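What follows draws every value from the coordinates through simple rules; no lab data is involved. If you're wondering where the values come from, they're calculated on a predicted model, not measured in any experiment. Reconstructed Cβ throughout: ideal geometry from the backbone, glycine too, with neighbour counts over all protein chains shown.
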Amino acid sequence: MHHCRIKNGKTGRCRVRKNADGKNTPVNYGLVTSVALDPIEKKPLVSFHPGSKILSVGSFGCNLNCPFCQNASIAAASVENAVTEFYSPVKLAELAEKTKKHGNIGVAYTYNEPMIGYEYIRDTAAEIKRRGMVNVVVTNGSVTPAALNAVLPYVDAYNIDLKAFTASFYEKVGGDIKTVLKFIEIAAKNAHVELTTLIIPDENDSPAEIQELSAWVASVNRGIPLHITRFFPCGKMSDKTPTDIRVMRRLAGIARQNLDTVILGNI
Ligand code: SF4
C-alpha cells in the first residue's frame, strides 16, 4: 500500500514485504504467532454464522502504525524477533478440520494485519474451501485492489476497520482513507462485510463525523453491520480517558438513522 522503495535484502514499512533479488516476497508466509478457536462474535461478526467458532490465526507485522494498537507486540514485530511456528496451508487446514467437532467453521486471518501477507491467505483459503469450510479476513483494508483481488474468490466474510472518516486521522496512523473506502466497496460486492469503528475521545467522536461515516456506508449498502467500539487507554494513548458510554450511545443513535444494524462493543 505504501509502495515502499525497498533495497535488496530489506523489508518495507510493514516489516513483511521484502525485496529478495528483485522479487517482492512476504517473509512471514506461514509464520504463525498465535492460533486459537474463537467465537465468531469476537472477530467481530454478528450476522455471519452466529453462535459458531472459528480457528483464528495471526502472524506479525502491520502496514499502519496506530498509537492505540492493542496488538503492538505482534504488529510491530519483525522476522528477527517474532516467536512463530510454521503452519503450511495444508497443516492449518488439517487443524481446522480437526477442530470442526468443537464447532469450528473455518479459518479467520486476524490479530496482526493479515493482508500484508495475502499470498498465505490465498493459498490457505483455497485449501479451506476445498474442505467445505469458510474463510474470514479481519483487516484494516489498507491494501491495493490487486492484493484484495488475489484473495477475493476464497473469502466469505470480512470485518474491516473504518477507523474514522477524515483524511487527517488516517494520516496520523500512516494510512489513506481512499484506499480503505475502495477496499470496502470491492469487498462488499463479493462477500459478507461488517465494519468496525473504534471511537476515541477528541479524535473521531464528533456527531458530524459519525453522521458522514454512516451515510457513506449506507451508500454502499445500509445492511452492512457497523460495530462502534469503545476506546480504553492503550499504547501511545495511555494518557487518554476511556470513551464516555453516553457518547457511544449518542453516536450509535446517529448511525442507526442511516444503517440497519449498529452494535455497541466493549461497553
Ligand atoms: S491497523 Fe490494527 S494491528 Fe495495525 S497498528 Fe493499527 S491497530 Fe495495530
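Tally Lys and Arg at +1 and Asp and Glu at -1 over the other residues with C-beta under 14 Å from the C-beta of Thr33: what net charge comes out?
It works out to a net charge of -2.
Using the crude model of +1 on Lys and Arg Cβ and -1 on Asp and Glu Cβ, and no other charge, please compute the dipole size for the stretch 17-196 relative to its Cα centre, in debye to 20.
Taking the Cα centre of the stretch 17-196 as origin, the dipole is about 300 debye.
Using a Förster radius of 35 Å, what is the FRET efficiency between Asp176 and Glu94 based on their Cβ-Cβ separation? Nearest 0.05, please.
0.40
Taking the alpha carbon gyration tensor of the chain, what are the square roots of 5 times its eigenvalues, largest first, to the nearest whole Å?
Calculated on Cα positions only, the semi-axes equal 28, 22, 17 Å.
Out of all DSSP beta bridges in the stretch 128-237, what portion is antiparallel? Express it as a percent rounded to 5.
0
As a test, work out the antiparallel percent of DSSP beta bridges whose residues both lie in the chain, rounded to the nearest 5.
35
Tell me the GluC sites (Glu not before Pro) within the stretch 34-96 that lie in a loop according to DSSP and have at most 12 other beta-carbon atoms within 10 Å.
Here the sparse-neighbourhood loop sites are Glu80.
Loop by DSSP (not H, G, I, E, B), at most 16 other beta-carbon atoms within 10 Å: where is the longest site-free stretch of the chain for trypsin sites (Lys or Arg not before Pro)?
So the longest stretch without any such site is 11-130.
Report the paramagnetic label zone for Ser47: residues of the stretch 101-143 whose backbone N is under 19 Å from a point 7 Å from Cα along the Cα-to-Cβ axis.
135-139
When all alpha-carbon pairs of the stretch 108-184 are counted, what percent fall beyond 19 Å?
34
Which whole-percent values make up P(r) of the stretch 186-267 when all C-alpha to C-alpha distances are grouped in 5 Å steps starting at zero?
For the stretch 186-267, the pair-distance distribution reads 3, 16, 27, 22, 15, 10, 6, 1, 0.
Projected onto the charge dipole of the stretch 135-267 (+1 at Lys/Arg Cβ, -1 at Asp/Glu Cβ, origin at the Cα centre), which of Ala164, Leu181, Leu264 gives the Cα projection farthest towards the positive end?
Positive-end residue among those listed: Leu264.
Taking only DSSP H segments of four or more residues, each worth -39500 (n - 2.57), what value at 222 nm results for the chain once the sum is divided by all its residues, to the nearest 500 deg cm²/dmol?
-9000 deg cm²/dmol
Give the long-range amide H neighbours of Gly106: residues separated by 5 or more places, or on another chain, with amide H under 5 Å away, using H modelled in the peptide plane at 1.01 Å from N.
Leu55, Val134
Distance between Cα centroids, the stretch 71-96 to the stretch 2-29: provide it in whole Å.
Here the two parts' Cα centres lie 18 Å apart.
Given H placed 1.01 Å from N in the peptide plane, which residues other than close sequence neighbours of Ala77 have an amide H under 5 Å from its amide H?
Sorted by chain and number, the residues that satisfy this are Gly61.
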